[in-house]
1. For Val271, what is the net charge nearby, where nearby means another residue's Cβ is under 12 Å from its Cβ and Lys, Arg count +1, Asp, Glu -1?
2. Would segment 1-160 count as rounded, prolate or oblate if I go by the C-alpha gyration tensor, calling it rounded below 1.5 in a/c and otherwise prolate when a/b exceeds b/c, oblate otherwise?
3. Could I get the Rg over Rh figure for segment 184-295? Both from C-alpha atoms, Rh via Kirkwood, rounded to two places.
4. Within a 10 angstrom radius of the beta carbon, how do Arg282, Arg49, Arg269 rank from fewest other beta carbons to most?
5. What is the percent of Cα-Cα separations in the chain that go past 28 Å?
6. Rg to Rh for segment 134-233: what is it, with Cα atoms only and Rh by Kirkwood?
7. With the alpha-carbon atoms as the only input, what is the per residue convex hull volume for segment 81-210 in Å³?
8. How long, wide and thick is segment 252-296, going by the Cα atoms along their three principal axes, in whole angstroms, largest first?
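Values in this text are rule-based calculations from the coordinates and carry no lab data. Bear in mind that the values here come from a model prediction, so they are computed numbers and not experimental data. With ideal geometry, Cβ positions are generated from the backbone for all residues, glycine too; neighbour counts draw on all protein chains shown.
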Amino acid sequence: VAEPSVVAVDVGGTSIKAAVIGESGATLRTLDVPTPVADGADAVVAAIRGVARSLADPGVCAIGVVVPGVVDVATGIARYSANLGWRDVPIAELLTAESGVPVAVEHDVRAAGHAERTLGLARDAADCLVVVIGTGIAGVVVAGGSHVRGALDLAGEIGHVPVYPDGEVCACGQRGCTETYASAAAISRRYATRTGTPSSAQEIVAARTSDPAAQQVWDEAAEALALALAGYTMLLDPALIVLAGGLAGAGAALRDPVRAALAGRLLWRPVPRVEVSPLAGRAGQYGAALFAWRAAGRDLGSDWRLPGG
Ligand SMILES: [Zn+2]
């Protein structure tokens, strides 16, 4: 008999990262495919369906899908994503029709924050910020033990906190946004502008000890992030800041300069703990698994033991 499991799918701007996760939190299978953004929204939807289909083992009892942009959780409709170019995609309906199991659809950053709070570093934190750094930057605000959503459900957009008054223009139209300096995409773009060499954020962080341009771009990312985190700290006094998302895969190379830059900005009060998530780029996927289990009627995750956790 196959172990009961769920399919967890994290749809990002670069790749679709999927896994089959068992009741114990064990990852039974994984499947990562590139997101065919250039081929249009229909191709992206087809890729999600293909991934779900190829992971549909006999034991699968629900599917969780997390996507960027605006999501209608109640109906499972992905309302809008600028990055993926889609509008009103009935993901839950499409996947349920195909698989016959319940499907949960959630916002990717909220899912990552939910995973960090349920089974990650933020498990017991009443006051914390989870910052998900990937192609963009967004966060989950936890204050007084509650997830703060805001009046328009827009709380946590720390990527669009302006940190330089006349800074570089952000894709959102504002100037000097944190994301313009500190997202993986920004690091890559700013390095290419300076050197003429296209490189990924991973390549840049690896090269920084021998490449002054890489070091400079990396330091500027840490400084921009620290400026935004200093503002957050002054307003909300977190005990813990968790750096998650793909860029958190850099580990101490990200954590240490952010800690140092934040300490350099907060001169009269204690500096909150800054950690990188061991879930790194898989936080959204674990969130998808938790929501899928919930759709299957099971509240799991708080006792899962994770690799590195
Ligand atoms: Zn912006």
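1. Details: positive: Arg259, Arg265, Arg269, Arg273; negative: Asp237.
Within the 12 Å Cβ shell, the charges total +3.
2. Working: a/c = 1.84, a/b = 1.24, b/c = 1.48.
Oblate, because a/c is 1.5 or more while a/b does not exceed b/c.
3. 1.04
4. Working: Arg282 27, Arg49 15, Arg269 10.
By the 10 Å Cβ count, ascending: Arg269, Arg49, Arg282.
5. Numbers: 17869 of 47586 pairs.
Counting every Cα pair in the chain, those more than 28 Å apart make up 38 percent.
6. Details: Rg = 14.7 Å, Rh = 14.2 Å.
Rg/Rh: 1.03.
7. Values: hull volume 24.3 nm³, N = 130.
Each residue corresponds to 187 Å³ of Cα convex hull volume.
8. Principal-axis extents of segment 252-296 (Cα, largest first): 49, 22, 10 Å.
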